[in-house]
Amino acid sequence: MSTTTAVKEQIEVDFTPKEHYGDWRDEFQREGCIILRNVISPERAKYYADKQIEWLKNFELGFDEKDESTWTAEHLPVSFRGGRYFYGVTHEKSVWEARTEPGVIDAFAKLWETEELLCSFDGIKIDLPRRKDVKWTPWPHCDHNPDIKGLTCVQGMLNFAPSGPKDGGLIWMKGSAKVFNEFFAEKRKNEDADNHQHKHQEFFKFHDDHVKWFEERGYEFTKLELGPGDLALWDSRTVHHSCFAEGDQIRHAQYICMMPKRFATEEALKMKKYCFEHYMPNTHLPHRNIFPATDKPIRDGALCPKDRSEPFEKPVLTDAVLKLAGVKPY
Ligand SMILES: [Fe+2]
């Protein structure tokens, strides 16, 4: 079936959760976030972590995962905030394989009570610990437009390597999505000067006073402790950021968001098809605000000579990939 014609864009999505599920969805509805353990096996998680290392090495810039002296910008492709990458990586074969892992699809299918899902074209995350050439500043934020009051997206992060207290990883304020409207009832100044998605307005950066507002109401930042194969899901109104990796472990993760296809307009699907066919990344949103990305990797003030517009390994165009990309009907 196809419900994609004449659909009105659903900014605040039309989804009423049940009062009681008797499973993890109760906690998700209560807190706006949840960690699902072992949605993929440790072996699969290691495969994806290894593929990320292989991808870094494909650039032939001298990066060696066993030699910390090469964990510097000159040996690495250009990244956003030291760990998220350009270069068509969002459409690498292994990145699509992770999106089509049955455990990942099942989690979103259960959450949304439909198998007819679209997947975001967002990025991978590789954090090399103790990097001396990266200036780390906390940036508590939400990937949600403050003018949108209801639920608009559930974000996901699939974790591939152990992430303990000292390792780089996601930090969130559990439950903070519930007071999003209360916080934004007052006009708040958005300080997202370094945000490349600003013009698309799906972002808000919280400064210290804002964080204090949440803390005074009992919300606190928690560093997620994740094992390989764990999936974190959060309502995009949740205050979150990530911490600098200080331990020995390289952080490996991938952002994966899925939303029901019925929320996407025909126009959004057309744009999504264009982005898919041109190996372009998008925001965390799978179903709307789709636009061809214009960001380029800049190295020393010029376009990175290693810039590329295609993945090293193109995705296998399985039914699952084409459906999640929105280019094949369900
Ligand atoms: Fe975020």
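The values are calculated or read from the model by the stated rules, or taken from the named source; none is laboratory data. These numbers were taken from a predicted model, which means no experiment stands behind them. Glycine gets a Cβ as well: all are built from the backbone with ideal geometry, and neighbour counts include every protein chain shown.
Couple of notes before you dig in:
- Across the range 119-147, the number of residues qualifying as more than 15 Å from the ligand (Cβ to nearest atom), in contact (Cβ under 8 Å) with a residue 12 or more places away in the chain and either of a type in the set (D, E, K, R) or farther than 20 Å from residue 272 by Cβ (or both) comes to 10.
- Some residue of the range 230-240 being more than 16 Å from the ligand (Cβ to nearest atom) and surrounded by fewer than 24 Cβ atoms within 10 Å (Cβ to Cβ): yes
Conditions tested, residue by residue: (1) at pLDDT 95 or above; (2) of a type outside the set (Val, Ile, Thr); (3) at positive phi.
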residue: 210; (1), (2), (3): yes, yes, no
residue: 221; (1), (2), (3): yes, yes, no
residue: 229; (1), (2), (3): yes, yes, yes
residue: 256; (1), (2), (3): yes, no, no
residue: 260; (1), (2), (3): yes, yes, no
residue: 269; (1), (2), (3): yes, yes, no
residue: 292; (1), (2), (3): no, yes, no
residue: 306; (1), (2), (3): yes, yes, no
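- Residue 103 vs. criteria within 16 Å of the ligand (Cβ to nearest atom) and under 19 Å from residue 47 (Cβ atoms): no
- In the set 68, 60, only one residue is more than 21 Å from residue 242 (Cβ to Cβ) and surrounded by fewer than 17 Cβ atoms within 10 Å (Cβ to Cβ); that residue is 60.
- Of the residues in the range 241-249, at least one is touching a Pro at 6+ places or on another chain (Cβ under 7 Å), under 26 Å from residue 46 (Cα atoms), within 15 Å of the ligand (Cβ to nearest atom) and in contact (Cβ under 8 Å) with a residue 60 or more places away in the chain.
- Qualifying residue in the range 189-205 (condition: small (Gly, Ala, Ser), away from the ligand (no atom under 13 Å from the Cβ) and farther than 22 Å from residue 86 by Cβ): no
- Lone qualifier among 274, 255, 279 - being surrounded by fewer than 23 Cβ atoms within 10 Å (Cβ to Cβ) and in contact with a helix residue (DSSP H, G or I) (Cβ under 6 Å, 6 or more places away or on another chain): 279
- Of all residues in the range 148-159, none that is more than 25 Å from residue 228 (Cβ to Cβ) and touching a residue at least 40 places away in the same chain (Cβ under 8 Å) has its Cβ atom under 7 Å from the Cβ atom of a residue that is within 15 Å of the ligand (Cβ to nearest atom) and basic (Lys, Arg), 6 or more apart or on another chain.
- Number of residues in the range 113-136 that are over 18 Å from residue 170 (Cβ atoms), surrounded by fewer than 21 Cβ atoms within 10 Å (Cβ to Cβ) and of a type outside the set (D, E, K, R) equals 1.
- Leading residue by the ranking (nearest to residue 278 (Cα to Cα)) among those in the range 292-329 that are of a type in the set (A, V, I, L, M, F, W, C) and part of a loop (DSSP other than H, G, I, E, B): 293
- Cβ separations smaller than 7 Å between residues 6+ apart or across chains give the following pairs from the range 38-61 residues that are within 17 Å of residue 310 (Cβ to Cβ) to residues that are charged (D, E, K, R) and in a loop (DSSP other than H, G, I, E, B): 55/92; 59/306.
- Residue that is surrounded by the most Cβ atoms within 10 Å (Cβ to Cβ) [pool: residues in the range 164-191 that are closer than 29 Å to residue 127 by Cβ and of a type in the set (Phe, Trp, Tyr)]: 172
- Answer residue from the range 248-291, given it is aliphatic (A, V, I, L, M) and in a loop (DSSP other than H, G, I, E, B) and is nearest to residue 157 (Cα to Cα) among those: 256
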